[in-house]
Amino acid sequence: MADGSSETKSSNQMWGGRFASGPDAIMEEINASIGFDKKLYAQDIRGSIAHATMLAHQGIISAEDKDKIVHGLDTILSEIESGAFEFSRRLEDIHMNIEARLATLIGPAAGRLHTARSRNDQVALDFRLWVKEELQKTERALTALIGAFLDRAEEHAETVMPGFTHLQTAQPVTFGHHCMAYVEMFGRDRSRVRHAIEHMDESPIGAAALAGTGFPIDRHMTAKALGFREPTRNSIDTVSDRDFALEFLSIAAIAATHLSRLAEEIVIWSTPQFGFIRLSDAFSTGSSIMPQKKNPDAAELVRAKTGRINGSLIALLTVMKGLPLAYSKDMQEDKEQVFDAAESLELAIAAMTGMVRDMTIRADRMKAAAGSGYSTATDLADWLVREAGLPFRDAHHVTGRAVALAEEKGCDLADLPLAELKAINPAITDKLFDVLTVEASVASRTSFGGTAPAEVRKQIAWWRARN
């Protein structure tokens, strides 16, 4: 007896302070998911009600038991939403917590609910429902963000700003055109969301553990009751599939990358050196030591969220990459990544929508910068091709000499004397100066999808009809 007590004490010390009761405590800690999967309570109850209704319809359980089950589940939903429900780690997960409470409320009838299903298809259903609903929320959020950009694009269809490549001044564009670039990006994100909803619009319930069930269930009935297009078609794949979660994280990562690029531009544009925009106080903070500072913290935090979301995608890809069919407990690690990414993406989109709507556009600073860096050089080359008949490569060479001359003189291309331009190429006339303004430059870009204000307005109208 003494020897046994000594051995137990030694073993407990080896397990460590947090797990003072030994291996059982460690197993409970690693196995329990209720700390995070309680987020699925509404989906779990919804799925159980649909399942019980189908079982009664098929004569697998009695109508009386079905009514008791549905009433009990409705009671539990109210308890959870009011905060009165007590979750237990000992019961591992949301499914067992709800089932145990149901048994307390309605007695033996609760045991009939799990007929013809497994926790494997149950969790697949709950999680799929949650992700589908989250995708629908993401679609609405992206639509609001696109709407914010369409409003700013319409307001600034003629506001000239520098366009950049390599963050160097390239050619003049309009701020409206720049806004429409983000409309296209977030429009693609929204399209991916819609496709993902279509891909995952299949009901897992009824696949049971992995092989289906011998009970005469009606999976089409439960699919319809739960808002799915149809049931899944292979029971093994059904319980082992987490593509819908990976696709959500993939979409979230791409959308977060777009948000991060926008955040980076907001950070740059709001510096005194650029001064293209001024953020509202609602999305800025001050410095604890420098009273003149106005920091773009909201944009910086949106930029940082991308790292979390990308990490969630890689984490789940890594979990899933080596799993044999069908279900493995590893898949319990899927939810926290998706929950965290969803929360981060939802917050980032909301913050960015607010910033886009609230920020002040400093058109004077944009216009002043639009002509810097010899941004109309391409217009000079195009004029030589169009008016003087030069091959573009020759025109490019002539333009390069003109830029070098302007740099030497410390002036803009439009300020070069005509005589000195003629010395570079005699075909140049004073009509060249008509194309060397930033306004003329943007107005000339009338190709489909170009920066000309008229073309920008066409694209705005196209998107408004679809947003």
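The values are calculated or read from the model by the stated rules, or taken from the named source; none is laboratory data. Nothing here was measured: the structure is a model prediction, and the numbers come from that model. No Cβ is skipped: glycine too gets one built from the backbone with ideal geometry, and neighbour counts run over all protein chains shown. Heads up: the accessible areas ignore ligands, DNA and RNA and are worked out on the full protein's heavy atoms, side chains in. Shrake-Rupley method; radii C 1.70, N 1.55, O 1.52, S 1.80 Å.
Of note:
- Here the simple spin-label model places points 7 Å from the Cα toward Cβ, and for Val403 and Ala181 these points are separated by 1.8 nm.
- Estimated distance in nm for a label pair at Leu167 and Arg464, the labels positioned 7 Å out from Cα along Cα-to-Cβ: 3.6 nm
- With the cut-off at under 16 Å, measuring from each backbone N in the range 331-367 to a point 7 Å along the Cα-to-Cβ line of Asp281 picks out 358-360.
- Relative to the longest principal axis of the Cα atoms of the chain, the long axis of helix 453-464 makes an angle of roughly 10 degrees.
- Take every Cα pair under 8 Å whose residues are at least 6 apart in sequence, average their separation, divide by the length of the range 326-467, and the relative contact order is 17 percent.
- At full extension, Ala209 and Ala368 could sit 50.5 nm farther apart than now, given 0.36 nm per residue minus the alpha carbon distance.
- Low-density loop cleavage sites - GluC sites (Glu not before Pro) in the range 69-101, where at most 10 other Cβ are within 10 Å (DSSP): Glu86
- Whether the range 367-463 is rounded, prolate or oblate, judged on the alpha carbon gyration tensor where a/c under 1.5 counts as rounded: prolate
- For Thr232, the residues 5 or more places off, or on other chains, whose built amide H falls under 5 Å of its own are Ser203.
- Pairs beyond 27 Å (Cα-Cα), from Lys38/Lys66; Lys68/Lys224; Lys305/Lys458: Lys305/Lys458
- With θ taken as phi - 60° and the Karplus curve 6.51 cos²θ - 1.76 cosθ + 1.60 applied, the whole-hertz 3J(HN,Hα) list for the range 204-209 is x, 5, x, 6, 6, 5 Hz, x standing for glycine and proline.
- Hits among aspartates and glutamates - C-alpha to C-alpha of Lys431 under 20 Å, sequence gap 8 or more where chains match: Asp379, Asp382, Glu387, Asp394, Asp412, Asp415, Glu420, Glu439
- Degrees between helix 335-358 axis and first principal axis of the chain (Cα, 0 to 90, nearest 10): 30 degrees
- Taking the protein heavy atoms of the chain in the context of the full set of protein chains, the accessible area attributed to carbon and sulfur is 53 percent at 1.4 Å.
- Using alpha-carbon coordinates, inclination of helix 175-199 to the longest axis of the chain, degrees: 20 degrees
- Paramagnetic label zone (point 7 Å from Cα along Cα-to-C-beta, Glu133; backbone N under 17 Å) in the range 30-68: 36-51
- If R0 is taken as 56 Å, the Cβ-Cβ distance between Glu420 and His220 corresponds to a FRET efficiency of 0.10.
- Net length gained if the chain between Gln58 and Thr115 were fully extended (0.36 nm per residue, minus Cα distance): 19.3 nm
- Each Cα pair under 8 Å and six or more residues apart adds its separation to the average, and for the chain the resulting relative contact order is 16 percent.
- Accessible area per residue, Å², the chain with all protein chains present, probe 1.4 Å: 48 Å²
- Full extension of the chain between Ala454 and Asp394 yields a length gain of 18.5 nm, computed as 0.36 nm times the residue separation minus the alpha carbon distance.
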